[in-house]
Structures are given as C-alpha cells and as structure tokens.
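Trainee: Take this structure, written in structure tokens, and hold onto it; I'll ask about it next.
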Amino acid sequence: MNLQECTETIRGKVGEDSGLNAVLKFDCGSDGLIVIDGVSTPNSVSNEDREADCTVAITLENLNALLTGALNPVTGFMSGKFKVSGDMGVAMKLQKVV
C-alpha cells in the first residue's frame, strides 16, 4: 500500500472513537506522515504535519506490515522495526489503532 492507502486503512480502523484520547503521528520519513487525532470527535486522520503526543518513526513497508497484521506492534517495537518518541502510554494503544 502507498501512503494514501495506509491513511484510508487507518481512517477505517479508527472510526468514530479510537480510544486513543491523544494525537499520534506515524512518520514514514520521505514517504510522508499520517496523523491520527484521537481527541477530536469524530476522530480524524490526515497527512498534515502537526504536534503529536506520540510519534512513531516507521518505514512505509513496516507500517504496511502493522496494518495487515504481519507485524505485531509489541514485536515491532521490541525488534526495532519502529521507534517511539513522546508519550509511551499513547504508543501502548497502538494495538487498538492498527
């Protein structure tokens, strides 16, 4: 999936209420950004850069693996497939989002 397809997939998974209660950013480097605003009602997903409570630095390939279930969020974090900065409590909610 490309960035736009990933954005749409996440938008479908987040729905009205993600339980995130924070802003989470996926930073895919030169491929772009996906920002989930889990504070607004309904939740919103965009590709516009903004301040986030938690940022996940991840390749588009590994984000695809997360979204398709080929990569478990905990395993991905522990194996260094992505790096988390900011509020780790928000990062722990990744399983609800992806």
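Every number here is computed from the coordinates shown, using simple stated rules; none is lab data. Quantities reported herein were computed from a predicted structural model and do not represent experimental measurements. Glycine gets a Cβ as well: all are built from the backbone with ideal geometry, and neighbour counts include every protein chain shown.
Trainee: Using helices alone, what [θ] at 222 nm do you get for the chain, with -39,500 (n - 2.57) per DSSP H run of 4 or more residues, divided over all residues and rounded to the nearest 500?
Mentor: So the helix-based figure for the chain works out to -9000 deg cm²/dmol.
Trainee: While we're looking at this one, here's another question. Mean separation of Cα pairs under 8 Å and 6+ residues apart, divided by the residue count of region 7-61: what relative contact order is that in percent?
Mentor: 38
Trainee: Compute the Kirkwood hydrodynamic radius of the chain, taking the inverse of the mean of 1/r over all pairs of distinct Cα atoms, and give it in Å to one decimal.
Mentor: Radius from the Kirkwood sum: 13.0 Å.
Trainee: Magnitude of the Cβ-charge dipole of the chain, K/R +1 and D/E -1, about the Cα centre, nearest 20 debye?
Mentor: Using only the charged Cβ atoms, the result is roughly 340 debye.
Trainee: Hey, what did the chain get for relative contact order, percent, Cα under 8 Å, at least 6 apart?
Mentor: 29
Trainee: Starting at the first residue of region 4-17, write each ³J(HN,Hα) from the Karplus equation 6.51 cos²θ - 1.76 cosθ + 1.60 with θ = phi - 60°, in whole Hz, x for Gly and Pro.
Mentor: 5, 5, 5, 4, 5, 4, 5, 4, x, 6, 6, x, 5, 9
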